[in-house]
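*Asks:* Take this structure first; my questions come after.
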Amino acid sequence: MLLGERVVLTEVRLEDSELLYQWVNDAVTMRLNAPYSPLALASHKGWFENIGRDPSRVIFAIRKEPKGQVIGTVQLFDIHRVHRTSEMSIRIGADSDRGHGYGTDALRCLIDFAWRDLNLQRIWLRVFATNDRAIKAYNRAGFQIEGTMKRACWIDGRWTDEHVMAILRPGLV
């Protein structure tokens, strides 16, 4: 368990599965960071059963309190042990939980974990150029835009640019 100022990062629990399934099938939520396509329950169950089996991925549930309900997930994936890099993603599930600093706090916890426990030196992400709320949260956590991929994604009937953002571990050259 990782303690932030506003959130706690814990393991993903069996009782989280139903809510995670609802979020991935919510078109509005999904279009914040991916094209929407409905996901079958069998596919979700397969994904859920494999959490923790891939050594190149670490996923945390975001909660307001240790025994509380999941409000989101944050993960490192494609962890490269030689280059000490990883891509990351975050999702705050309910709109009512967005805009309260939970995501920024979860990002800070994840970054600390990446530096301290995984010895990573670079974390990067992709974000739609239209997702101002996410970009602000990433900036507050220390990420900087490294570049923009023009018309990179087809989302909700239109082309969307995508920024690549990253944070480097301080003190390394």
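*Asks:* Charges at C-beta only: +1 for Lys and Arg, -1 for Asp and Glu. How large is the resulting dipole of the chain about its Cα centre, in Debye rounded to 20?
*Replies:* The calculated dipole for the chain is roughly 400 debye.
*Asks:* Lys and Arg at +1, Asp and Glu at -1: add these up for the other residues within a Cβ distance under 13 Å of D112 and post the number.
*Replies:* Spelling it out: positives minus negatives among the neighbours equals 0.
*Asks:* Let me ask you something else. Counting other Cβ atoms within 10 Å of each Cβ, which GluC sites (Glu not before Pro) in the stretch 1-77 have at most 12 and sit in a DSSP loop?
*Replies:* Answer by residue number: E5, E11.
*Asks:* What number comes out for the charge environment of R151, summing +1 per Lys or Arg and -1 per Asp or Glu over other residues with Cβ under 13 Å away?
*Replies:* In short, 0.
*Asks:* Among I111, Q144, A42, which residue has its Cα furthest toward the positive end of the charge dipole of the chain, with +1 on Lys/Arg Cβ and -1 on Asp/Glu Cβ?
*Replies:* Result: Q144.
*Asks:* Could you give the length gained by full extension between H83 and L168, i.e. 0.36 nm per residue of separation minus their alpha carbon distance, to one decimal place?
*Replies:* Going from the current span to full extension adds 29.4 nm.
*Asks:* Separate question: Just the number, please: percent antiparallel of the DSSP beta bridges in the chain, rounded to the nearest 5.
*Replies:* 90 percent
*Asks:* Next question. Counting only other residues whose beta carbon sits under 14 Å from that of T130, what net charge do I get with K and R as +1, D and E as -1?
*Replies:* Summing Lys and Arg as +1 and Asp and Glu as -1 gives +3.
*Asks:* What is the distance in Å between the Cα centroid of the stretch 30-54 and that of the stretch 138-164?
*Replies:* Their Cα centres are 22 Å away from one another.
*Asks:* While we're on this one: Counting trypsin sites (Lys or Arg not before Pro) as exposed when in a DSSP loop with at most 10 other beta carbons within 10 Å, what is the longest stretch of the chain free of them?
*Replies:* Of all site-free stretches, the longest is 68-173.
*Asks:* Amide H of I51 versus every other amide H placed in the peptide plane: which residues, excluding those fewer than 5 positions away on the same chain, fall under 5 Å?
*Replies:* Amide H neighbours of I51: none.
Bear in mind that the values in this text are calculations on the coordinates, not laboratory data. Quick caveat, the model's predicted, so the values are computed rather than measured. In this analysis, Cβ positions are derived from the backbone assuming ideal geometry, glycine residues included, and neighbour counts consider all displayed protein chains.
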